[in-house]
Amino acid sequence: MDKTDAQLVNEILLDTQGSFEELVTRYTKPLYNFTLRLTGSVQTAEDLVQETFIKVWKNLTRYDPQQSFRAWIFTIARNTTTDYLRKKKTIPFSVLSKDEHLFEETLSDDATIPDETLAQLEDTASLEKLLATLPIDYQMVLLLHYQEGLTFEEIGDVVDKPPNTVKSWHRRAILELRTNLTRPPDGDHPLHYRGEGHI
């Protein structure tokens, strides 16, 4: 039976050989996929994952065993990636119109990504283009919820926001995806980036 994250962390703190390597093996791919989707650069994603693990190693004694380790490590990855994007000044922003905001409130908290979007998400290139149309916080919520399986409560821990805020971001992200997918293919094609700089 595979050891839990908590067991691995406890072994690391007790200086049991090999435990940190096992933790690295377990989370390298999820963290890499997460940072790659947000930055669009293989080299940058690799660097950010390495930096994340360095921070994990240095701060492991501060981890609260009562907290989800998965949420904790993604919090570090999120902060590391956000710091990088801010320095590069490539974090996009989006403002919803009043009408969009009213429509957003009609979506339930557990509303899911529409089927046509899910079909496109299976294609890596389409996924990157779709995500690039969204603000960074919305991207993170979708990636953490659909790709990593985190609950809204866990995502709240990652982004340091209440669950209701995360649910609101989730609804807005779905609204924007629906809008982008239904926009006619002209100069403002739904898969064309609409933010302040490409990430």
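Listed values, structure above:
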{"quantity": "Cβ-Cβ FRET estimate between residue 160 and residue 21, R0 fixed at 22 Å, reported to 0.05", "calculated": "0.15"}
{"quantity": "Residue exposure sequence - 138, 32 - by fewest surrounding Cβ within 10 Å", "calculated": "32, 138"}
{"quantity": "Largest-first ellipsoid semi-axes for region 5-88, taking √(5λ) over the Cα gyration tensor eigenvalues, angstrom", "calculated": "24, 13, 10"}
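Here, each number is a calculation from the coordinates, and none is a lab measurement. Remember, it's a predicted structure, so these values are computed and weren't measured experimentally. Positions of Cβ are generated from backbone atoms using ideal geometry, with glycine treated the same way; all protein chains shown enter the neighbour counts.
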